[in-house]
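Please read the structure below before turning to the comments.
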């Protein structure tokens, strides 16, 4: 597994295609744990905080994240997620413009406006339904990765 980038037009086409729903019946718990582990290794190696399955060439609708948690502008820990078949069902009206980058779009950064708070539904690694209310950086990462799974890249949303 390695990260696909838009430098290769064939890989860009794949990245711009909606990922297929994850079917838990096709994978056992060990295989799912191994997918998550491999993706996490790649994400951490490349200093990312989120990675969607299609970014590593898998036509599967899930992403992983490891988002730093802050208190008074100081990192106090990290929170990891693996969300399968995510769907954002609620967006706050309040938005924020923040500079983003992407492992699949190397060397490019830009300001993207996104809702500050969201609610996402999906499934955990065991196939159990989940619903997460997220805000701030976690909400931004969830939106960025969900966009990936829907074939949307952050460069499609850059303000500047």
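The values are calculated or read from the model by the stated rules, or taken from the named source; none is laboratory data. Source: prediction; values computed, not measured. Every residue, glycine among them, receives a Cβ derived from its backbone with ideal geometry; neighbour counts consider all protein chains shown.
Looking at 93, 79, 131, which one is assigned to a loop (DSSP other than H, G, I, E, B) and in contact (Cβ under 8 Å) with a residue 12 or more places away in the chain?
Just one listed residue meets the conditions, 93.
Could you grab me the full set of residues in the range 12-28 that are within 16 Å of residue 148 (Cα to Cα) and either assigned to a loop (DSSP other than H, G, I, E, B) or in contact (Cβ under 8 Å) with a residue 12 or more places away in the chain (or both)?
Scanning the range 12-28 gives 14, 15, 16, 17, 18, 19, 20, 21, 22.
Which of the residues belonging to the range 29-55 are in contact (Cβ under 8 Å) with a residue 40 or more places away in the chain and either within 13 Å of residue 105 (Cα to Cα) or assigned to a loop (DSSP other than H, G, I, E, B) (or both)?
Result: 46, 48, 49, 51, 55.
Of all residues in the range 29-54 being out of contact with any strand residue (DSSP E or B) (no Cβ under 7 Å at 6 or more places or on another chain), crowded, with 16+ Cβ neighbours inside 10 Å and closer than 17 Å to residue 15 by Cβ, which is modelled with the lowest pLDDT?
Restricting to residues being out of contact with any strand residue (DSSP E or B) (no Cβ under 7 Å at 6 or more places or on another chain), crowded, with 16+ Cβ neighbours inside 10 Å and closer than 17 Å to residue 15 by Cβ, the top hit is 48.
Would you check which residues across the range 104-128 are outside any strand (DSSP E or B) and touching a strand residue (DSSP E or B) at 6+ places or on another chain (Cβ under 7 Å) and list them?
The answer is 109, 116, 124, 125.
Residue-wise test of (1) surrounded by 13 or more Cβ atoms within 10 Å (Cβ to Cβ); (2) in contact with a helix residue (DSSP H, G or I) (Cβ under 7 Å, 6 or more places away or on another chain); (3) at positive phi.
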| residue | (1), (2), (3) |
| --- | --- |
| 56 | yes, yes, no |
| 88 | yes, yes, no |
| 91 | yes, no, no |
| 103 | yes, yes, no |
| 114 | yes, yes, no |
| 120 | yes, yes, no |
| 128 | no, no, no |
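Could you tell me whether any residue of the range 133-146 is within 17 Å of residue 6 (Cα to Cα), at pLDDT 95 or above and either surrounded by 12 or more Cβ atoms within 10 Å (Cβ to Cβ) or touching a helix residue (DSSP H, G or I) at 6+ places or on another chain (Cβ under 7 Å) (or both)?
yes
Out of the residues in the range 58-76 that are surrounded by 20 or more Cβ atoms within 10 Å (Cβ to Cβ) and in a strand (DSSP E or B), state the one that is modelled with the lowest pLDDT.
Ranking the qualifying residues of the range 58-76, first place goes to 67.
Test each condition in (1) under 22 Å from residue 123 (Cβ atoms); (2) touching a helix residue (DSSP H, G or I) at 6+ places or on another chain (Cβ under 6 Å) for residue 81 and report the one that comes out false.
Going through the list (1) under 22 Å from residue 123 (Cβ atoms); (2) touching a helix residue (DSSP H, G or I) at 6+ places or on another chain (Cβ under 6 Å), residue 81 breaks only (2).
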